[in-house]
Amino acid sequence: MANQADISGLHILVVEDNLDSQQLVCELLAALGHRAEGVGSAEEALAELEQQDFDVLFTDVSLPGMSGIELARRTSEKTPALKIIFASGYGAQISKNIGPGTFSLPKPYDIDQLQDILDNIGKQLQ
C-alpha cells in the first residue's frame, strides 16, 4: 500500500464541457488521491495553465471552440513536461498525433484503465 502513496497526488486539470461529467471525473480523481480542478473549455484551460502548475492535462477531444487536440498541441509546445490524457471515443490514434507524454483513454473507460495511466504518469514524474 505504501507504493500507492508514492505515486499519488498528481495535480490534474480536467477539461470537460459537460459539467456533470467534469464533476464526476474530478470526484473520481480526488477519490484516487489526486488534486483535480475542472474547467469547461480549452480557452479556460489555457488561462488556468498560465496561473498554476499542473502535472497532467486531462482533456476531452470534442470541446466548444478550440478542440482538445489543439489545446494539447499548444500546451505541449509551451510546457513539454506536462502529461496529457485524452478522453475520447476516437481511440488510441489521437495520442500518436501529438507525441510523447500523451495517453488515450477510450470512452467509456473504467476506473482501472484510468488508474493504470495515472500510475504510469506518476512513475515517469518521480
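The values are calculated or read from the model by the stated rules, or taken from the named source; none is laboratory data. Because the structure is a prediction, the values reported are computed rather than measured. We place every Cβ from the backbone using ideal geometry, glycine too, and count neighbours over all the protein chains shown. When the accessible area is computed, the model is the full protein with side chains, heavy atoms only, and any ligands, DNA or RNA have been set aside. Shrake-Rupley method; radii C 1.70, N 1.55, O 1.52, S 1.80 Å.
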*Do we have L32 as closer than 23 Å to Q115 by Cα, among the aliphatic types (A, V, I, L, M) and over 12 Å from the mean Cα position of the chain (by Cα) here?*
yes
*Which numbered condition D53 fails, given (1) open to solvent by 70 Å² or more (accessible area, probe 1.4 Å); (2) touching a residue at least 60 places away in the same chain (Cβ under 8 Å)*: (2)
